[in-house]
Amino acid sequence: MISQLTLEEKRAIPKKFHTNLNNRDFDKQYELITDNIKFYKNGQLIQGADNFVNALRSITASFEDAQVADHEIYADGNVAVSRYVMSGSLTGDITFPDGTSASKTQKAFTYNSVEFFEFNEDGLVYEIRQVNDSGLTPLSIEAQVK
């Protein structure tokens, strides 16, 4: 059975996720997700509500001014899809996949991303799959902020 949310309600959920991130209201994410959420990002799996929320907090630890701007949001069945742009500047420390790092350069970055949000029967998100710039996001951010 597919959740009883309307398509408009499903389309609103990615926007709520991104608004919560933009406002640094991380604890509000718990209202939208299952305890065992799976978040696939940049080739890694982050599993569990606490780990997911901590992953979001880590974004703003490195990029205090990070903001998400939604450009398109679609929904069908038990899935909502968001295409957005994240931007900000390196205000903290970050280690890249190759082991190199950068710290507080204040250099700006921007990248495009798509997220697929899957809902359970209660209308909670149980899985998010993120696809960034053909999987090159860590490299594209690295080139911009170093």
Point-to-point label distance, Val85-Lys16, nm (Cα→Cβ direction, 7 Å offset): 2.7
Label-point gap, in nm, between Thr95 and Asn112 - each point 7 angstrom along Cα→Cβ: 3.2
Theoretical gain in end-to-end length, Asp65 to Lys146 [0.36 nm per residue, Cα-Cα removed]: 27.5 nm
Of Gly92, Thr60, Asn20, farthest towards positive along the dipole that unit charges on Lys, Arg, Asp, Glu beta carbons give the chain: Gly92
Solution diffusion estimate, µm²/s, Stokes-Einstein, the range 49-106, Kirkwood Rh from C-alpha pairs, 20 °C, viscosity 1.002 mPa s: 160
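Given N residues in the chain, what is its alpha carbon radius of gyration divided by 2.2 N^0.38 Å? Before the final figure, lay out the partial values.
Working: Rg = 15.2 Å, N = 146, 2.2 N^0.38 = 14.6 Å.
Relative to the rule-of-thumb radius for its length, the chain sits at 1.04.
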Spin-label model distance (nm) - Gln44 vs Glu72, 7 Å beyond Cα toward Cβ: 2.9
Relative contact order of the chain, defined on C-alpha pairs under 8 angstrom at six or more residues apart (%): 26
Summed side-chain charge close to Ala80 - residues other than Ala80 whose Cβ falls under 12 Å, Lys, Arg +1, Asp, Glu -1: -2
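Suppose every K and R has +1 on its Cβ and every D and E has -1 on its Cβ; what is the size of the dipole of the chain about the Cα centre, in Debye to the nearest 20? The partial results should precede the final answer.
Values: 14 positive and 21 negative charges, 90 e Å.
Roughly 440 debye for the chain.
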Expected 222 nm ellipticity per residue - DSSP helices of 4 or more, -39500 (n - 2.57), all of the chain, to 500: -8500 deg cm²/dmol
All lysines inside 20 Å of Lys15 as judged from Cα atoms, apart from same-chain residues fewer than 8 positions distant: Lys28, Lys38, Lys41
Helix axis angle, 49-62 relative to the chain longest principal axis, alpha carbon, degrees: 30
Charge dipole magnitude, Cβ of K and R +1, D and E -1 - the range 47-109, Cα centre, debye nearest 20: 160
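Read-outs throughout are calculated quantities, based only on the coordinates presented, and are distinct from any laboratory measurement. The shown structure was predicted, so the numbers you read here are calculated from the model rather than taken from an experiment. Here Cβ is always computed from backbone atoms with ideal geometry, including for glycine, and neighbour counts include all displayed protein chains.
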